[in-house]
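The values are calculated or read from the model by the stated rules, or taken from the named source; none is laboratory data. Everything numeric in this text was worked out from a predicted model, so none of it was measured. Cβ: placed from backbone, ideal geometry, glycine included. Neighbour counts: every protein chain shown. Heavy atoms of the whole protein, side chains included, go into the accessibility calculation; ligands, DNA and RNA do not. Shrake-Rupley method; radii C 1.70, N 1.55, O 1.52, S 1.80 Å.
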Amino acid sequence: MTTPPDTTTDRDELPVDPEALRGAVRTKYREVATDPRGEHHFHTGRYLARHLGYYDRWVAALPEPAVESFAGIANPFQLRALRRGEHVVDVGSGAGFDTFIAAHQVGSGGRVVGVDMTPEMLAKARANAALLELDHVEFREGLAEHLPVDDGWADAVISNGVFNLCPDKRAVFEEVVRVLRPGGVVQFADIANDNPVPPGAMREIDLWTG
Amino acid sequence: VSGALAERVFALKLGNVGFVDTQVLDRRPFGLDDAGRYPLFTPDLITLMDDLLPPERRDEVAVAVTLTAHRPPEGEAHDDAAGHHDRP
């Protein structure tokens, strides 16, 4: 297979204004947090999770508010379950769906930090954590490019459908490697596109968020 | 989806910041129906894509991939931008 050209960017050559893109993403996710069914024709939440291969027993244990705003695009746990006692960071944790599954896998001896930039999602995630009475889970406001986590703290970093929404991938991956301990693992799901994206499309924020 | 990377570019970028042993563990075609299940795709956008996409592309608008990569253990070199493996 021929390696396609690197059409993504270095920090000085971002195709869109990062703040404008973040604003658009926050607006979309605010809608998903506050009105998860919204105008969508299809069921989200449990239906989507089952479709993506999450075990029913994982999802059944979660309260509806933790599931209804799920917007992942695959299942980052499917081939490597987290280990008991691990420290985990969930980048773009949303309402906490993957964070809570991670919390279940690492057990009370582990710790999971969810990071999200949308206040409505953070509020929902914290309320869900309270509902589940989880004291080894914490949600912090922050950006994927500036994770509010100490150097080398994490054994694993997870993410689901988030990195494609970040214009500066290098900054994101540098942050992920920074927060991981030596030997730590990143396991994530995202959208891949082997078709070249026209430069004009890369400048259209609406085409990043949908 | 304008910010989506090609699989190989994911591996390249992970390698560039020091990750090793990047593996693509799963690929799932992301079709128009899948897009409809994804909350960020509005019905208007789905309708537009339905109008614009040729029939042969509707089952694979993009691919959902699951990847893992490791930060090298302390003391190990991490020059493995090419250390990308497809899972058999």
- Note on the structure: Considering only helices (runs of 4 or more DSSP H) wholly within the range A:1-76, the ones with at least 2 residues that are at pLDDT 70 or above, within 10 Å of another protein chain (Cβ to nearest Cβ) and closer than 16 Å to A:Asp98 by Cβ are A:18-34, A:46-51
- Of the residues A:Ala125, A:Ala103, which is under 26 Å from B:Ala4 (Cβ atoms) and either more than 14 Å from chain B (Cβ to nearest Cβ) or open to solvent by less than 10 Å² (accessible area, probe 1.4 Å) (or both)? A:Ala125
- Inspect all residues belonging to the range A:96-111 and state whether any of them is hydroxyl-bearing (Ser, Thr, Tyr), in a loop (DSSP other than H, G, I, E, B) and closer than 24 Å to A:Leu21 by Cα. no
- Query: Does the range A:91-110 contain any residue that is more than 16 Å from A:Arg46 (Cβ to Cβ) and of a type in the set (D, E, K, R)?
  - Reply: no
- Task: May I ask you to list pairs of residues, at least six apart or on different chains, whose Cβ atoms are under 8 Å apart, with the first in the range B:17-34 being farther than 28 Å from B:Arg57 by Cα and within 8 Å of chain A (Cβ to nearest Cβ) and the second being open to solvent by 30 Å² or more (accessible area, probe 1.4 Å) and in a helix (DSSP H, G or I)?
- Result: B:Val17/A:Arg170; B:Val17/A:Glu174
- Among the residues of the range A:137-185, count how many are among the polar types (S, T, N, Q) and part of a helix (DSSP H, G or I). 1
- Residue among B:Val9, B:Val1 that is assigned to a loop (DSSP other than H, G, I, E, B), farther than 18 Å from A:Arg178 by Cα and either modelled with pLDDT of 75 or more or in contact with a Phe, Trp or Tyr (Cβ under 8 Å, 6 or more places away or on another chain) (or both): B:Val1
- Query: Among (1) more than 27 Å from B:Pro72 (Cα to Cα); (2) acidic (Asp, Glu); (3) crowded, with 20+ Cβ neighbours inside 10 Å, which single condition is A:Glu120 missing?
  - Reply: (3)
